[in-house]
């Protein structure tokens, strides 16, 4: 079948139904050509997508950066054949790319969508993330930028079991995001069988309404019902809307429709399926243009506002310096937005909120939504800083992993790290965070030791691409550096050195101060030591480390972190690949800590000056 439908005249319901069939056929064809994919998950949402394209989405595919463009997020990212079929229907990609590029090496059409395609805001595929990120995108328009776009999120029913979705429902309800629509494709079947609530639309509706949403329950294959629901979503005020659509997985092909065992597989007989669906079509949909809109220029009240300065020898917590520097950064740059996990009084991110309340977003104790909102704000051109206790970032690791796939620029600040927090005990101690953040693709990981260093690095992250992580400390620590010292990312500082050094002591954060104390004792005993402040944990200063190796050949690396994946591993990665390795002693938190004072914790963990002195003496004698 060959025909053309355009929006020179409004498409009829019958024409939209034909577009839906084309989306199904193209989903089947793409998966068959690739030999893999999720066509049945795509087929259930065909009418939902066709109506959205033909009558409700406002988007200029020639100008993906248009500030008035709606945002469409495919939360059920495994249904990528549907999204790519939609892109063909609007003329954004060709039939050849759809059939020869899907899931192929080097192609833009990956198995799950990523921003390799200019019309994709974020990577999806790890279920439960699309709606939380959509909340951030919608919030940017409503609360920060006053832009007219709507955010549409196409969701699957399996991912409604994810707790992150319910964090998103609550955040959106509290914020009154009436520019956000969740389209729930309730096709009853997940990967291995029926979903938790099957086709009980009211079970979903009751729960979602409890979070302050407006809901509409429909037959997702009825074009007129879908159209009316989307119209209602666009005109409803004061609440976000969830369209809860009853659909059938594999709709239109009897061999797979509403049948288990076909998830994630091409159809066994794609040619027969295409005939059953009415054959190949070449329909075209002209999506409505976005309204005129301008994204206002973001500058700052005082681009040259001075950073806080701290006197050498003063006792200042790095978390305090972070909060004070962040508040100044907010004065310098209007694009900076800060997100809090209801601990802003402790992390000191609240100092930003006191001066810039319009750009301070409270996400409460919902760390997945905290990071998701930050990712969404980044989509909209903001520079987000998401702050909470470092230990609690483990809940949001998958969001950070996916943010890297999304090519997101996002800064994360984790406070109260390590055993040095003291009496609160191990549940509050981040002892895995350096490893977790170092493992994120393209990440930057910084661990400052004093207030002036923290202030500089806080500001430096604003212009650093990718996922940036700043680790801060609860307790006061001595100010080591002057306020004019520079701290390039990827650098380090050699604080003590001598031509006759025998051992190199390497620390960061709280352990740097322990290393300095150990150095004084060792020198008094006739053992020369070099001290390196390795504040940039990733990227690491390979040159300085190798120069220290050439002089001493012996390293003591001390870290307030578990031994796996932290500072010592960063040091060792500077060697190998044919380069000689240093003789290295790793001092880290090997045991399970309890409650004690910070000094007792450092001693019990074997990462205080006493332990460093003992380790250095042993190495020097080797």
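The values are calculated or read from the model by the stated rules, or taken from the named source; none is laboratory data. In this text, all values refer to a predicted model and were calculated from it rather than measured experimentally. Note that each Cβ is placed from the backbone with ideal geometry, even for glycine, and that neighbours are counted across all protein chains shown.
At-a-glance table
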{"read-out": "Failed condition for residue 591, given (1) surrounded by fewer than 18 Cβ atoms within 10 Å (Cβ to Cβ); (2) assigned to a strand (DSSP E or B)", "value": "(2)"}
{"read-out": "Conditions (1) within 26 Å of residue 88 (Cα to Cα); (2) in the same structural domain as residue 64 (by TED's automatic domain parsing); (3) exposed (fewer than 14 other Cβ atoms within 10 Å of the Cβ); number of the one not met by residue 261", "value": "(1)"}
{"read-out": "Criterion (part of a helix (DSSP H, G or I) and within 26 Å of residue 356 (Cα to Cα)) met by exactly one of 393, 437", "value": "393"}
{"read-out": "Residues satisfying the stated conditions in region 383-434, i.e. free of Cβ contacts under 8 Å to residues at least 40 places away in the same chain and surrounded by 23 or more Cβ atoms within 10 Å (Cβ to Cβ)", "value": "396"}
{"read-out": "Set 298, 370, 351: member being within 30 Å of residue 59 (Cβ to Cβ) and without any contact (Cβ under 8 Å) to a residue 40 or more places away in the chain", "value": "370"}
{"read-out": "Residues located in region 174-187, provided they are touching a residue at least 40 places away in the same chain (Cβ under 8 Å) and surrounded by fewer than 20 Cβ atoms within 10 Å (Cβ to Cβ)", "value": "175, 176"}
{"read-out": "Selection within region 428-444 - out of contact with any strand residue (DSSP E or B) (no Cβ under 8 Å at 6 or more places or on another chain) and either under 14 Å from residue 388 (Cβ atoms) or in the same structural domain as residue 567 (by TED's automatic domain parsing) (or both)", "value": "436"}
{"read-out": "Those strands (runs of 3 or more DSSP E) lying entirely in region 445-512 with at least 3 residues outside the structural domain of residue 430 (by TED's automatic domain parsing) and buried (at least 20 other Cβ atoms within 10 Å of the Cβ)", "value": "503-507"}
{"read-out": "So residue 620, is it over 28 Å from residue 539 (Cα atoms) and in contact with a strand residue (DSSP E or B) (Cβ under 7 Å, 6 or more places away or on another chain)", "value": "yes"}
{"read-out": "Evaluation of residue 220 against (1) touching a residue at least 40 places away in the same chain (Cβ under 8 Å); (2) in contact with a strand residue (DSSP E or B) (Cβ under 8 Å, 6 or more places away or on another chain); (3) within 28 Å of residue 380 (Cβ to Cβ) (one fails), failing number", "value": "(3)"}
{"read-out": "Test: residue in region 102-123 that is part of a helix (DSSP H, G or I) and buried (at least 20 other Cβ atoms within 10 Å of the Cβ)", "value": "no"}
{"read-out": "Unmet criterion (only one of (1) under 26 Å from the mean Cα position of the chain (by Cα); (2) closer than 15 Å to residue 452 by Cα) for residue 492", "value": "(1)"}
{"read-out": "Subset of region 273-293 [surrounded by 14 or more Cβ atoms within 10 Å (Cβ to Cβ) and without any contact (Cβ under 8 Å) to a residue 12 or more places away in the chain]", "value": "none"}
{"read-out": "Residue list for region 302-322, restricted to those being in a loop (DSSP other than H, G, I, E, B), under 30 Å from residue 389 (Cβ atoms) and touching a residue at least 24 places away in the same chain (Cβ under 8 Å)", "value": "305, 307, 308, 309, 310, 311, 312, 313, 314"}
{"read-out": "Those residues of region 323-342 which are part of a loop (DSSP other than H, G, I, E, B) and in contact (Cβ under 8 Å) with a residue 60 or more places away in the chain, in sequence order", "value": "333"}
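Residue-by-condition table, conditions (1) touching a helix residue (DSSP H, G or I) at 6+ places or on another chain (Cβ under 8 Å); (2) under 24 Å from residue 384 (Cβ atoms); (3) assigned by TED's automatic domain parsing to the domain that holds residue 464:
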site	(1), (2), (3)
271	no, no, no
285	yes, no, no
324	yes, yes, yes
327	yes, yes, yes
330	yes, yes, yes
335	no, yes, yes
340	yes, yes, yes
